[in-house]
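A short worksheet on the structure shown next.
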Amino acid sequence: MNLVVRRARLRNKEGLWDIGIEGGKFKAVERKLSAEGTKEIDASGNLVSPPFIDPHLHLDAVLSVGDPRYNESGTLLEGIEIWGERKKFLTKEVIKKNALEAIKWAVVNGTLKIRTHVDTTDPTLKTVEALVEVREEVKDLIDLQIVAFPQDGIFTFPEGADLMRRAVEMGADVIGGIPHNEFTREDGVRDVEFVYDLAEKTGSLIDIHIDETGDDQSRFVEVMAKESILRGMQGLATASHTTAMHNYNNDYAFKLIGILKRAEMNMITNPFDNSVLQNRTDGYPRRRGHTRVDELLARGVTVSIGHDSIMDPWYPIGKGSMLSAANLLLHTAHMSGYNQFPQLFDMITDYSAVTMNLHSDYGIEEGNTADFIILDAKDEMEALRLISECLYVVRKGKVVARSTPAKRRFEWGPGKAELIDFKL
């Protein structure tokens, strides 16, 4: 075999396992593999997992914090204003340079599949052109999906709809929208309907920024659910953010979640951005800026976690770590129950694979593409607690990144030194 991983701890399996890889595919997953590998890795009982997936990122804006200015209010609207100012001077070369650097960060942190939203409201569509080129350049490193995303709205200017169509012709895989940013409720409904019309015509998936506000009257996600059901498009649409749902009255939310389940909607929550951008006008007490994650999961709705921003006008920090995003959601969504740790891990792996429609070739199973990571942790709880390093990141059977955890030496007297790794 080209590669054999020994003594791997696998999710939902007891004991340790050996994994054999040949020709970029998983060839064998056995308790004790007799075959030898040209290259072998000892996982030493650490968790070996399918790679992390980031289903919601803005690669056209990454690493741009402070350009042309910083977001002083920390609000979503000022972030949009700054992005509008930056677009006037943005070049394709800068977009590609920053996107490629952020992708490297993501890969080192164990992410091998990304869905990026790309702004379509600049008439030059240089953002789309840049990311289509990036997708081709990194195809052997990661799987990249591109969403045609109308940051300023589809109907807030005359050519909005035409730019969306052109973005799809240029190579966007997924159709996006932003109904809560349109001028009126009626235009917001048109926004959703336009997205579904274009997706039906082109055979594309759907991923809409929707109800990303603290306004409890922002209810466009119900329009998405209706369109999914009536058009027979269950399972093909994703609602990103839906932070207004946090502020809905409980009777309405209960009814809505049932409809979302019937529509087989995929939901994405973005802990980094929404924990700092939402409910800025609350004063005190301040509500939490994310959707109803636990209630959605309890009703069987697929919920994933996105990184959203990395050092841009909306979120000034970050390093592309999906474990960090899940760790933050653990706190803000009250998901610290013992049985919720594996579920949080699902939200950055299996559930995101469903959202991106990649699940048919995802997972450590014979015949699947050999994409996987080896974490410096024995299980999901330890990985989330420590925000563990990826010791190895493997793409199509080849190691593409490796990390050496920090060594922390504690010295408290002659002959009394020891290494601290925070593990029990």
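The values are calculated or read from the model by the stated rules, or taken from the named source; none is laboratory data. Small disclaimer: the values here were computed from a predicted structure and weren't measured. Neighbour counts are summed over all protein chains in view; Cβ atoms, including those assigned to glycine, are modelled from backbone coordinates with ideal geometry.
Number of residues in segment 134-179 that are surrounded by 23 or more Cβ atoms within 10 Å (Cβ to Cβ), assigned to a helix (DSSP H, G or I) and of a type outside the set (A, V, I, L, M, F, W, C) equals 1.
Free of Cβ contacts under 8 Å to residues at least 40 places away in the same chain, assigned by TED's automatic domain parsing to the domain that holds Gln151 and part of a helix (DSSP H, G or I), is that true of Glu227? Spell out the reasoning first.
Values: free of Cβ contacts under 8 Å to residues at least 40 places away in the same chain: yes; assigned by TED's automatic domain parsing to the domain that holds Gln151: yes; part of a helix (DSSP H, G or I): yes.
Against the criterion (free of Cβ contacts under 8 Å to residues at least 40 places away in the same chain, assigned by TED's automatic domain parsing to the domain that holds Gln151 and part of a helix (DSSP H, G or I)), Glu227 qualifies.
Has segment 84-92 got any residue that is buried (at least 23 other Cβ atoms within 10 Å of the Cβ), at pLDDT 95 or above and within 24 Å of Ile208 (Cα to Cα)? Checked against the condition, which is being buried (at least 23 other Cβ atoms within 10 Å of the Cβ), at pLDDT 95 or above and within 24 Å of Ile208 (Cα to Cα), segment 84-92 yields no hits at all.
Residue check: is Thr111 of a type in the set (Ser, Thr, Tyr), more than 22 Å from Gly397 (Cα to Cα), buried (at least 22 other Cβ atoms within 10 Å of the Cβ) and in contact with a strand residue (DSSP E or B) (Cβ under 6 Å, 6 or more places away or on another chain)?
Judged against the criteria, Thr111 is not a match.
Residues that are over 21 Å from the mean Cα position of the chain (by Cα) and not in a helix (DSSP H, G or I) within segment 84-133 comprise Lys88, Phe89, Leu90, Thr91, Thr121, Asp122, Pro123, Thr124, Leu125, listed in sequence order.
Determine whether segment 12-30 contains at least one residue that is part of a loop (DSSP other than H, G, I, E, B), on the phi < 0 side of the Ramachandran plot and assigned by TED's automatic domain parsing to the domain that holds Gly367. Yes.
Across segment 64-79, the number of residues qualifying as under 28 Å from Phe52 (Cβ atoms) and not in a loop (DSSP other than H, G, I, E, B) comes to 2. Determine whether Thr75 is touching a Leu at 6+ places or on another chain (Cβ under 8 Å) and within 14 Å of Pro316 (Cβ to Cβ). Criteria met by Thr75. You will find that of Lys423, Lys416, the residue that is surrounded by fewer than 16 Cβ atoms within 10 Å (Cβ to Cβ), at pLDDT 95 or above and over 20 Å from Ile41 (Cα atoms) is Lys423 and no other. For first residues located in segment 128-145 and at negative phi, partners that are polar (S, T, N, Q) and not in a strand (DSSP E or B) and lie 6+ apart or on another chain with Cβ distances below 7 Å form the pairs Val128/Thr120. Looking for something closer than 22 Å to Pro271 by Cβ and of a type in the set (Asp, Glu) - is there at least one such residue anywhere in segment 57-68? For segment 57-68, residues closer than 22 Å to Pro271 by Cβ and of a type in the set (Asp, Glu): present. What number of residues within segment 360-398 are more than 20 Å from Asn12 (Cα to Cα) and in contact with a Gly (Cβ under 6 Å, 6 or more places away or on another chain)? Residues flagged as more than 20 Å from Asn12 (Cα to Cα) and in contact with a Gly (Cβ under 6 Å, 6 or more places away or on another chain) within segment 360-398 amount to 3.
Among residues of segment 388-403 that are on the phi > 0 side of the Ramachandran plot and buried (at least 19 other Cβ atoms within 10 Å of the Cβ), those with a Cβ under 6 angstrom from a residue that is at pLDDT 95 or above and part of a strand (DSSP E or B), sequence gap 6+ or separate chain, pair up as Gly397/Leu3; Gly397/Ile21. Residues of segment 381-424 being closer than 26 Å to Asn2 by Cβ and not in a loop (DSSP other than H, G, I, E, B), which ones? Selection gives Cys390, Leu391, Tyr392, Val393, Val394, Arg395, Lys398, Val399, Val400, Ala401, Arg402.
Residues are listed down the side, and each one gets a yes or a no for (1) among the acidic types (Asp, Glu); (2) outside the structural domain of Ala61 (by TED's automatic domain parsing); (3) crowded, with 21+ Cβ neighbours inside 10 Å; (4) touching a strand residue (DSSP E or B) at 6+ places or on another chain (Cβ under 9 Å):
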site	(1), (2), (3), (4)
Gln234	no, no, no, no
Ala239	no, no, yes, yes
Thr243	no, no, yes, yes
Thr269	no, no, yes, yes
Val276	no, no, no, no
Asp282	yes, no, no, no
Thr302	no, no, yes, yes
Leu323	no, no, yes, yes
